[in-house]
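Structure record follows, encoded as structure tokens.
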Amino acid sequence: MSYSRRSIVPSIVVMATAALTVGMAPAAAAAPKIDGPALAKQLVNKVDGSAVNRHLIALQRISDANGGRRAASTEGHKKSAEYIATKLEQAGFTVTRQEFPFTYEETLAEKLTVADADVPVIMMSYSPLTPTGGITAPLAVVPVDDTSGCEAADYAGGVTGKIALIQRGGCSFAQKQATAAEAGAVGAIVYNNVPGPVNGTLGDPAAGKIPTGGITQADGQALTGKAGSSVTLDLRALQEVRTTYNVLAETKTGRKDNVVMLGAHLDSVIEGPGINDNGTGSAALLETALQLGSKAKVNNAVRFGWWSAEEFGLVGSTHYVNSLSFEQQLDIALYYNFDMIGSPNTGYFAYDGDNSDGVGEGEGPYGSGQLEKTLVDYLQLGKGVPVEGTDFTGRSDYQGFILAGIPAGGLFTGAEGVKTAAQAAKWGGSANVPYDKCYHQKCDNLGNVDRVALDRNSDAVAWALGVYATSTENINGVPGGSAAKAKALRAAERSKQRSLTASVHADDHHVAA
């Protein structure tokens, strides 16, 4: 949908509201300057921002009626999943509810005291627990470099029996605390390397070695001058095995051996309703599916996934990918992930599939760069919105697909990271403020969404789906065309080869005669 043609509310109202709430964003291009398949154009016109917003309203009301949360295994998540599944079933999609177990974790205590002063701390998901009252030990400050706390040599100063203070960056939180534990530390505190708090995960219960929490950059830097001070770290949570489920839907048309897949996690954190994270991605995906229809004229089948337990360590999407045989994984041509696409102080990011930015984890599987370009071209050429790359950090549901060698891409509008002055000049909004000030908090509600960004990104979802449902030739060499057409072409080629062989045999017989 073109912002200049049709918006959630009239353009003047949208722009005025944006100026008041998130800063005046640069105007979008007057008309699309990008060409693509007819299906992509049709879907962009059909996917309306007001319809996407209606799904967000539904998720908010479901949350309000169920304890203010939609976390995996809660009634709020179940009602959210059934809202989506029912709409898809009514639209004729083949819908599957894929159940799986996971470790549910709900915080009971988060307290850090240093030299009798309290410091705000957030327990990392799957952190081992402290005893009631916490653990008390001296503070050990780990030297800062590009990979602070990632190697055994970082702890040469001695951390045995101490609580290690480690700067974020260079490796995973899990690796930092595991390395600290091997060096003898009894606890770990990770402070941010950018402004804002650290709200992290160790990935899974088996990864946790010592109690680990995250604090802000400012608090961490202040603590670096307090080596040897007495520290009490109290991190406790309810942990139990529960079950939840993914919602999967697939068109009844298109090739089943070259599936285009798109996904978004549906579950919220325990602390709030999760409307931006990730109601926005889930709502855009649902509306795109409904507008596509279950019997769309597509060359490639389209499969959608609404993942659960993402907030507990990407459990749902990982379970899904691991449940597939190698041949079934080969049937998936590509995967697009949409996690947070309406952040209130929005940034426009696409996953850096080809590592053209040259930072972080490197490129994704072959084809990921093309997936990135399709989204970037649409937003920049079709909407007049500049886009920056964002690294595959392993923080969202693309990870399982990447590990299986499936090309991946997607959009992201920012979480707890801070918008720079250059980005504010380019996109609007406020500099030196997080993209989402309510990230993983109770205030992630209907008032925490930039609907202009959501509208634009929903169109980008529709565009990318339309492009690759038509053809994935630039990803894997499979041209556009239905399975029946492909089968007919293969049959014709075999017939041609048989005729050629028969002709050669006839010539051989003639020569022999």
Verdict on Lys426 being open to solvent by less than 50 Å² (accessible area, probe 1.4 Å), of a type in the set (Lys, Arg) and at pLDDT 95 or above = no
ask   = Which numbered condition trips up Gly279, out of (1) farther than 25 Å from Leu334 by Cβ; (2) touching a Pro at 6+ places or on another chain (Cβ under 9 Å)?
value = (1)
query = Hey, Thr420 hits all of (1) over 24 Å from Gly274 (Cα atoms); (2) in contact (Cβ under 8 Å) with a residue 24 or more places away in the chain but one; which does it fall short on?
reply = (2)
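Please verify whether Phe412 is open to solvent by 10 Å² or more (accessible area, probe 1.4 Å) and not basic (Lys, Arg), treating the condition exactly as stated. Step through it out loud before you land on a result.
Details: open to solvent by 10 Å² or more (accessible area, probe 1.4 Å): yes; not basic (Lys, Arg): yes.
Considered against the rule, which asks whether it is open to solvent by 10 Å² or more (accessible area, probe 1.4 Å) and not basic (Lys, Arg), Phe412 comes out as yes.
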query = Taking interchain pairs and intrachain pairs at least six residues apart, which have beta carbon atoms under 6 angstrom, with the first residue in segment 429-440 and without any contact (Cβ under 8 Å) to a residue 40 or more places away in the chain and the second small (Gly, Ala, Ser) and open to solvent by 30 Å² or more (accessible area, probe 1.4 Å)?
reply = Ala431/Ala421
In segment 105-153, the residues that are surrounded by fewer than 22 Cβ atoms within 10 Å (Cβ to Cβ), on the phi > 0 side of the Ramachandran plot and modelled with pLDDT under 95 = Ala115, Asp116
message = If Gly394 satisfies all but one of (1) at pLDDT 95 or above; (2) within 14 Å of the chain's Cα centre (by Cα); (3) of a type outside the set (S, T, N, Q); (4) within 19 Å of Leu314 (Cβ to Cβ), what's the number of the condition it fails?
response = (1)
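If you check Val452 against the conditions, is it modelled with pLDDT under 95, β-branched (Val, Ile, Thr) and open to solvent by 10 Å² or more (accessible area, probe 1.4 Å)?
Details: modelled with pLDDT under 95: no; β-branched (Val, Ile, Thr): yes; open to solvent by 10 Å² or more (accessible area, probe 1.4 Å): yes.
Considered against the rule, which asks whether it is modelled with pLDDT under 95, β-branched (Val, Ile, Thr) and open to solvent by 10 Å² or more (accessible area, probe 1.4 Å), Val452 comes out as no.
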ask   = Applying the selection to segment 382-405, what residues are open to solvent by less than 30 Å² (accessible area, probe 1.4 Å), of a type outside the set (Ser, Thr, Tyr) and over 28 Å from Gly36 (Cα atoms)?
value = Gly394, Gly400
inquiry  = If Val359 meets every condition in (1) at pLDDT below 95; (2) crowded, with 19+ Cβ neighbours inside 10 Å apart from one, which number is that one?
reply    = (2)
message = Quick check on Gly263: is it under 19 Å from Ala415 (Cβ atoms), buried (at least 24 other Cβ atoms within 10 Å of the Cβ) and at pLDDT 95 or above?
response = yes
key: Selection within segment 182-238 - under 18 Å from Leu108 (Cβ atoms) and either at pLDDT below 95 or among the small types (Gly, Ala, Ser) (or both)   = Gly187, Asn199, Thr201, Leu202, Pro205, Gly208, Gly213, Gly214, Ala237, Leu238
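Hey, among the residues in segment 340-356 that are of a type in the set (Ser, Thr, Tyr) and over 15 Å from the mean Cα position of the chain (by Cα), which one's surrounded by the most Cβ atoms within 10 Å (Cβ to Cβ)? Don't jump to the end; show me each part of the working.
Going through segment 340-356, the residues of a type in the set (Ser, Thr, Tyr) turn out to be 343, 346, 348, 351, 356.
Filter once more, keeping what is over 15 Å from the mean Cα position of the chain (by Cα): 346, 356.
Working: Thr346: 31, Ser356: 12.
Applying the filter and picking the extreme gives Thr346.
Within segment 59-96, restricting attention to residues that are among the hydroxyl-bearing types (Ser, Thr, Tyr) and over 23 Å from the mean Cα position of the chain (by Cα), which residue is surrounded by the most Cβ atoms within 10 Å (Cβ to Cβ)? Steps first, please.
As a first pass, look at segment 59-96 and keep what is among the hydroxyl-bearing types (Ser, Thr, Tyr): 63, 73-74, 80, 83, 86, 94, 96.
Narrowing the set further to residues that are over 23 Å from the mean Cα position of the chain (by Cα) leaves 86, 94.
Working: Thr86: 12, Thr94: 14.
Taking the candidates together, the pick is Thr94.
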ask   = Mind checking which residues of segment 271-297 are buried (at least 24 other Cβ atoms within 10 Å of the Cβ) and assigned to a loop (DSSP other than H, G, I, E, B)?
value = Pro273, Gly274
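So if I check each of Asp507, Asp436, which one is of a type in the set (Asp, Glu) and modelled with pLDDT of 90 or more?
The unique qualifying residue is Asp436.
The values are calculated or read from the model by the stated rules, or taken from the named source; none is laboratory data. Not measured: the values here are computed from a predicted model. Cβ coordinates were reconstructed from backbone atoms using ideal geometry, including for glycine residues, and neighbour counts include every protein chain displayed. Note: areas computed on protein heavy atoms with side chains; ligands, DNA, RNA excluded. Shrake-Rupley method; radii C 1.70, N 1.55, O 1.52, S 1.80 Å.
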